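**Student:** Have a look at the structure that comes next, please.
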Amino acid sequence: MIEDPVFYYVAVPAVILAGLSKGGFGGGLALLSVPFMSLVISPVQAAAIMLPILIVMDMIALIAWRGVYDRRSLAILLPAAIAGISLGWATAAYVTATHVRLIVGTVALAFWMDYMFGRRDALRPRDHSPRKGWFWGAVSGFTSFVTHAGGPPFQMYMLPLRLEPKVLAGTGIAYFATVNAIKVVPYLFLGQFSPVNLMTSAILLPLAPLATLAGVRLVRVVPQALFYRLTYSVVLIIAVKLIWDGLAGLSA
């Protein structure tokens, strides 16, 4: 396992944020986990450490939100996400996490700006669009495979639907539980589950249920208007963080 105490100073908050997100609160908060850990270890190792933890969180969240999801959204997004994961696996030797962060951060920032400057339209629920769903689902699967950054593309499709917060949370949980389970096989073939990484995951694992259940509780008590304001605020934070990290990676 990793023994450097500095790692755990950033890893513990990262796991807590991921748990809140997996519980359904804060949208893409889980996306911050790998960038946080990447401050002290490589993004590839951070992603490998987080995947078993995310899967445990998924299991807990699925129990808490069982039966609560939008079937149509999953039917549109999941097949495309599988294609995106396959593309990520096929190009794993060529695509860097730096480029993915920069792309996802830029798209997320544009999405937030559209929400802010087109507020009247953003508050009006939009209908399902298979064409948009296939695109964002594929992007989400690809970025999720590379660096667990599937949240913003998923939200690009889901947030404009203006679903009730519980349904949005439950749909996200069902979606990413499926995506993360599928990612296990290619991660195994790529040798990312080393003894060091798995032991480190085990050390951090006790935080998973506590943080996830806290996220479940917050979704159920926070009013819908506030929930969406907080979620879009998280999108902005994540966008700025990813763009910053991407530019730093390009200049390194």
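**Student:** In the range 30-103, which chymotrypsin sites (Phe, Trp or Tyr not before Pro) fall in coil by DSSP and have 10 or fewer other Cβ atoms within 10 Å? Intermediate results must be reported in sequence, preceding the final value.
**Tutor:** Working: sites: Phe36, Trp65, Tyr69, Trp89, Tyr94; in loops: Trp65, Tyr69, Tyr94.
Sparse-neighbourhood loop chymotrypsin sites (Phe, Trp or Tyr not before Pro): Tyr94.
**Student:** Return the distance in nm (one decimal) between the two label points of a simple spin-label model at Arg229 and Met59, each offset 7 Å from Cα along Cα→Cβ.
**Tutor:** Between Arg229 and Met59, the label points sit 3.8 nm apart.
**Student:** In 5 Å bins starting at 0, how do the alpha-carbon pair distances of the range 149-207 split up by percent?
**Tutor:** 4, 14, 17, 19, 17, 13, 10, 5, 1
**Student:** Going by average Cβ density within 10 Å per residue, which order do the peptides 48-61, 238-251 take, highest to lowest? The partial results should precede the final answer.
**Tutor:** Numbers: 48-61: 23.6, 238-251: 17.4.
Peptide ranking by packing, descending: 48-61, 238-251.
**Student:** Using 0.36 nm per residue of separation minus the Cα-Cα distance, give me the extension gain between Arg66 and Leu39 in nm, one decimal.
**Tutor:** On the way: separation 27, 0.36 × 27 = 9.72 nm, distance 3.52 nm.
So the chain would gain 6.2 nm between Arg66 and Leu39.
**Student:** Using label points projected 7 Å from each Cα along Cα→Cβ, tell me how many nm separate Leu190 and Arg220, to one decimal.
**Tutor:** So the two model labels end up 3.6 nm from each other.
**Student:** Further question on the same structure: Once label points are set 7 Å from the Cα along Cα→Cβ at both Val6 and Ser251, what is their separation, rounded to one decimal in nm?
**Tutor:** About 2.1 nm, to one decimal.
**Student:** Further question: What order, most packed first, do the peptides 141-151, 184-194 have when packing is the mean number of other Cβ atoms within 10 Å of each residue?
**Tutor:** Values: 141-151: 28.0, 184-194: 13.6.
Result, highest mean Cβ count within 10 Å first: 141-151, 184-194.
**Student:** Restrict the search to the range 62-99; then list the trypsin sites (Lys or Arg not before Pro) that DSSP places in a loop and that have at most 11 other Cβ atoms within 10 Å of their Cβ. If you can, show how the numbers build up before the last one.
**Tutor:** Values: sites: Arg66, Arg71, Arg72; in loops: Arg66.
Loop-located and lightly packed - Arg66.
**Student:** Also: Sort 212-219, 15-22 by packing, meaning the average of other beta carbons within 10 Å per residue, with the highest value first. Intermediate results must be reported in sequence, preceding the final value.
**Tutor:** Details: 212-219: 20.6, 15-22: 26.9.
Answer by packing, highest mean first, reads 15-22, 212-219.
**Student:** Okay, next question. Give the lysines whose C-alpha is closer than 24 Å to that of Lys241, dropping any in the same chain fewer than 8 places away, or say none.
**Tutor:** Lys22
**Student:** Could you tell me the calculated FRET efficiency between Leu236 and Ala181, based on Cβ-Cβ distance and R0 = 30 angstrom, to the nearest 0.05?
**Tutor:** Details: r = 30 Å, r/R0 = 0.99.
Given R0 = 30 Å and the Cβ-Cβ separation, E is 0.50.
**Student:** Quick one: go through the range 47-75 and flag any residue whose amide nitrogen is under 18 Å from the point 7 Å out along the Cα-to-Cβ line of Glu164.
**Tutor:** Within reach of a label on Glu164: 64-74.
**Student:** Next question. Kirkwood Rh, the range 5-251, all Cα pairs: how many Å?
**Tutor:** On the way: mean 1/r = 0.0567 Å⁻¹.
Computed over the range 5-251, the radius equals 17.6 Å.
**Student:** Could you tell me the calculated FRET efficiency between Leu198 and Met113, based on Cβ-Cβ distance and R0 = 30 angstrom, to the nearest 0.05? Don't jump to the answer; show the numbers that get you there.
**Tutor:** Numbers: r = 40 Å, r/R0 = 1.35.
According to the calculation, E is roughly 0.15.
Each reported figure results from applying straightforward, stated rules to the coordinates on display, with no laboratory input. Remember, predicted model here, so these are calculated numbers, not experimental data. Virtual Cβ from ideal backbone geometry, glycine too; neighbours counted across all protein chains shown.
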